[in-house]
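Data block below; observations after.
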Amino acid sequence: MTQFHPPTFQRLLSAAVLALSAVVAAVPAPAQAQDAYPGRTVTLVVPFPAGSGTDMSARLLAKDMTEALGQTVVVENRPGANGALGAQIVARAKPDGYTLLVGVAATNASNYAFFPGRLGYTPASFEIVGGLGIVPLSLFVSGNAPWKTLAELIADAKKNPGRIACGSGTTTAQVACEVFKLRAGIDLLNVPYKGTPPALTDLAGGQVQVVFADGTSTTSLVEQKRLRVLATAANKRVPYWPEVPTFVEVGMSDLEISAWSALFVPAGTPAAVQQKLNAIVRRSTDAPESVATRQRTGSLAMQFSLEESRRFVAGEIERWGRFVKDSGVKLE
């Protein structure tokens, strides 16, 4: 069983729990019923540090929300415990539309499988009100690798079990490696790295032979022909690599793995507020600056209605539960 040992979850989550009640108590009381929403500042809680990809998406959204709502929307970074600290704060906030979460696949899907019963929140703690962006993972080999197609790689791996190494720069990539092994019926050596850049460096240098990563950190390397893309873990071909097949196309229908971010509110938030936020999110993700940012980072739009958003996150929770169980990857 593969083990992965990030140093933060139990220690940071345990240390943070005592402070949560004070944080939540500091949230202002709801606006009076006769006041139109919003009547004061809205806070976007980002469960990761400033400067992260999630933080940058949140700041774009905050700017657009400020203009649309006519009230200041501020970003508050609350990193820690694999995103669980920030998610806890929003889960325990008043469901009035003034404390929102910019959640990701980790906080609102895979964490439920990795830390069952230990998060301080559950899927029922939130309502998703809109998607911000989704970045499918893809399988990369070096530009001078002998495999031109996924079928060639799989055939070679079957002839030489355990000789091909899969570099994993994130927990998501590590799970992807393990699930790929199972679905393809091959034996790969899973090599964890402390981040995607060093994994890609070793891939280009030949120290590992395959890496799962997203388009954010790989587009330029593919253009320089230092890396080659064999397949994407999306439900359809991505526009920036239209010639690259999906795993679905080659018969692996259960291999869809993406990084994504979305806007969540505490459960019980009024339906009218949710509808208003959904409309703003959809306009924001369609704005020229957001479109340009997605083009630079390999992200795809998530133009979802409320019902589509709910179906999406429910599917992600179910999929990650299956992937974590199948892969055997553990976080402690």
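Can you name every residue in the stretch 97-128 that is closer than 14 Å to Leu44 by Cβ, outside any helix (DSSP H, G or I) and not hydrophobic (A, V, I, L, M, F, W, C)?
Residues satisfying the conditions are Gly97, Tyr98, Thr99, Gly103.
Ala267 versus (1) within 19 Å of Glu127 (Cβ to Cβ); (2) surrounded by fewer than 18 Cβ atoms within 10 Å (Cβ to Cβ); (3) under 15 Å from the mean Cα position of the chain (by Cα): which is the lone unmet condition?
(3)
Filter the stretch 80-94 down to residues that are touching a helix residue (DSSP H, G or I) at 6+ places or on another chain (Cβ under 7 Å) and part of a loop (DSSP other than H, G, I, E, B) and give me whichever is farthest from Ala58 (Cα to Cα).
Arg92
Condition first: aromatic (Phe, Trp, Tyr), at pLDDT 90 or above and assigned to a loop (DSSP other than H, G, I, E, B). Now tell me which residues in the stretch 198-255 satisfy that. Before the answer, list the steps.
Taking the stretch 198-255 as the starting set, the residues that turn out to be aromatic (Phe, Trp, Tyr) are 212, 240-241, 247.
So of that shortlist, the ones also at pLDDT 90 or above come out as 212, 241, 247.
Of everything in the stretch 198-255, those that are aromatic (Phe, Trp, Tyr), at pLDDT 90 or above and assigned to a loop (DSSP other than H, G, I, E, B) turn out to be Trp241, Phe247.
With the checklist (1) under 23 Å from Gly298 (Cβ atoms); (2) in contact (Cβ under 8 Å) with a residue 24 or more places away in the chain in hand, flag the one item Leu182 doesn't pass.
With respect to (1) under 23 Å from Gly298 (Cβ atoms); (2) in contact (Cβ under 8 Å) with a residue 24 or more places away in the chain, Leu182 is out only on (1).
Could you list, in sequence order, the residues of the stretch 154-166 that are in contact with a Leu (Cβ under 6 Å, 6 or more places away or on another chain) and surrounded by 22 or more Cβ atoms within 10 Å (Cβ to Cβ)?
Correct list: Cys166 only.
Looking at this structure, is Glu318 among the acidic types (Asp, Glu), free of Cβ contacts under 8 Å to residues at least 24 places away in the same chain and at negative phi? Give the derivation first.
On the way: among the acidic types (Asp, Glu): yes; free of Cβ contacts under 8 Å to residues at least 24 places away in the same chain: yes; at negative phi: yes.
For Glu318, the condition - among the acidic types (Asp, Glu), free of Cβ contacts under 8 Å to residues at least 24 places away in the same chain and at negative phi - is met.
State whether one or more residues within the stretch 103-118 are out of contact with any Phe, Trp or Tyr (no Cβ under 9 Å at 6 or more places or on another chain) and at pLDDT below 95. Steps first, answer last, please.
Of all residues in the stretch 103-118, those out of contact with any Phe, Trp or Tyr (no Cβ under 9 Å at 6 or more places or on another chain) come to 116-117.
Those still in the list that are at pLDDT below 95 too: 116-117.
Checked against the condition, which is being out of contact with any Phe, Trp or Tyr (no Cβ under 9 Å at 6 or more places or on another chain) and at pLDDT below 95, the stretch 103-118 yields at least one hit.
Residues of the stretch 143-179 being of a type in the set (Lys, Arg), under 20 Å from Ser327 (Cα atoms) and part of a loop (DSSP other than H, G, I, E, B), which ones? Steps first, answer last, please.
So the first thing to find is which residues in the stretch 143-179 are of a type in the set (Lys, Arg), and the list is 148, 158-159, 163.
Then keep just the ones that are under 20 Å from Ser327 (Cα atoms); that gives 158, 163.
Selection gives Arg163 alone.
Here is a yes/no grid of residues against (1) in contact with an Asp or Glu (Cβ under 8 Å, 6 or more places away or on another chain); (2) buried (at least 24 other Cβ atoms within 10 Å of the Cβ); (3) outside the structural domain of Ser261 (by TED's automatic domain parsing); (4) touching a residue at least 24 places away in the same chain (Cβ under 8 Å):
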position: Ala87; (1), (2), (3), (4): no, yes, no, yes
position: Lys94; (1), (2), (3), (4): no, no, no, yes
position: Leu101; (1), (2), (3), (4): no, yes, no, yes
position: Val104; (1), (2), (3), (4): no, yes, no, yes
position: Asn108; (1), (2), (3), (4): yes, yes, no, yes
position: Asn111; (1), (2), (3), (4): no, yes, no, yes
position: Gly117; (1), (2), (3), (4): no, no, no, no
position: Gly120; (1), (2), (3), (4): no, no, no, yes
position: Gly131; (1), (2), (3), (4): no, no, no, yes
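Restrict the check to the stretch 294-309 and report whether at least one residue is surrounded by fewer than 20 Cβ atoms within 10 Å (Cβ to Cβ), among the charged types (D, E, K, R) and modelled with pLDDT of 95 or more.
yes
Residues in the stretch 225-254 that are more than 25 Å from Gly162 (Cα to Cα), out of contact with any Leu (no Cβ under 9 Å at 6 or more places or on another chain) and touching a residue at least 60 places away in the same chain (Cβ under 8 Å): how many?
Residues flagged as more than 25 Å from Gly162 (Cα to Cα), out of contact with any Leu (no Cβ under 9 Å at 6 or more places or on another chain) and touching a residue at least 60 places away in the same chain (Cβ under 8 Å) within the stretch 225-254 amount to 2.
Since Gly53 meets every condition but one in (1) surrounded by fewer than 20 Cβ atoms within 10 Å (Cβ to Cβ); (2) over 20 Å from Gly117 (Cα atoms); (3) at pLDDT 95 or above, which condition does it not meet?
Checking Gly53 against (1) surrounded by fewer than 20 Cβ atoms within 10 Å (Cβ to Cβ); (2) over 20 Å from Gly117 (Cα atoms); (3) at pLDDT 95 or above, the one that fails is (3).
The values are calculated or read from the model by the stated rules, or taken from the named source; none is laboratory data. All values reported here derive from a predicted model rather than from experimental measurement. All Cβ positions, even for glycine, are placed from backbone atoms using ideal geometry, and neighbour counts span all protein chains on display.
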